[in-house]
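What follows is a short report on a single structure.
The values are calculated or read from the model by the stated rules, or taken from the named source; none is laboratory data. Given the structure is predicted, the values throughout are model-derived calculations rather than measurements. Cβ atoms come from the backbone with ideal geometry, glycine included; neighbour counts cover every protein chain shown.
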Amino acid sequence: MILLNFSHPFTEAQIAQVEALTQKKIASVERIFTQFDNDAPFLPQLQSLMANIALTPAEWQNEEILLNLPAYNFVAALLLAELHGRMGYFAPVIRLRPVKDSLPPRYEVAEVLNLQKTRNEARKERAEGK
């Protein structure tokens, strides 16, 4: 599995937590530095960011990809739309949470969010008129 990390670096412990939750080995962690200029349009910045990720169209569609989204919500939303277009589905997303009472602050993997399953369930609700 490929972990595309658009945020802070992962620790060995966090990698182990992800592998335990997914029951899959992470083959590579691609750290993608995500710093956007608020005074410039975001779409061209996203396109530049994506141009630096060395995955082929076949890899985008066929590799198991897991995401650690950037914290900035506007960038995360735009990124999800871009990735869905490239992959044809929503990739799962890692949710981190603070470790209680840790000094200095540390984060642990809380869960892996299955966005595609969430989307599919919502489609059922729409179909049923709820």
field: From the options VAL18, VAL29, residue that is within 11 Å of ASN68 (Cβ to Cβ), in a helix (DSSP H, G or I), within 14 Å of the chain's Cα centre (by Cα) and not polar (S, T, N, Q)
entry: VAL18
- line: Over region 30-41, the set of residues surrounded by 10 or more Cβ atoms within 10 Å (Cβ to Cβ) and either on the phi > 0 side of the Ramachandran plot or touching a helix residue (DSSP H, G or I) at 6+ places or on another chain (Cβ under 7 Å) (or both) is ILE32, THR34, PHE36
query: Here are ILE2, ILE32, ILE53: which of them is in contact with a Leu (Cβ under 9 Å, 6 or more places away or on another chain) and within 13 Å of ILE94 (Cα to Cα)?
result: ILE2
message: Just to verify a result, which residue in region 89-118, among those that are of a type in the set (Asp, Glu) and assigned to a strand (DSSP E or B), is nearest to ALA16 (Cα to Cα)?
response: GLU108
task: Among residues belonging to region 32-60 that are among the aromatic types (Phe, Trp, Tyr) and part of a loop (DSSP other than H, G, I, E, B), point out the one that is modelled with the highest pLDDT.
output: PHE36
message: Please verify whether PHE90 is surrounded by 15 or more Cβ atoms within 10 Å (Cβ to Cβ), of a type outside the set (Lys, Arg) and more than 29 Å from ASN120 (Cβ to Cβ), treating the condition exactly as stated.
response: no
message: I'd like the full set of residues that are free of Cβ contacts under 8 Å to residues at least 12 places away in the same chain and closer than 21 Å to PHE36 by Cβ, limited to region 77-107.
response: ALA77, ALA81, HIS84, GLY85
- prompt: Is region 56-66 home to any residue that is within 19 Å of THR22 (Cβ to Cβ), acidic (Asp, Glu), in contact with a strand residue (DSSP E or B) (Cβ under 6 Å, 6 or more places away or on another chain) and surrounded by 10 or more Cβ atoms within 10 Å (Cβ to Cβ)?
  reply: yes
Cβ pairs under 7 Å, 6+ apart, first in region 110-130 and within 16 Å of HIS84 (Cα to Cα), second surrounded by 11 or more Cβ atoms within 10 Å (Cβ to Cβ) and of a type in the set (Lys, Arg): LEU113/ARG95
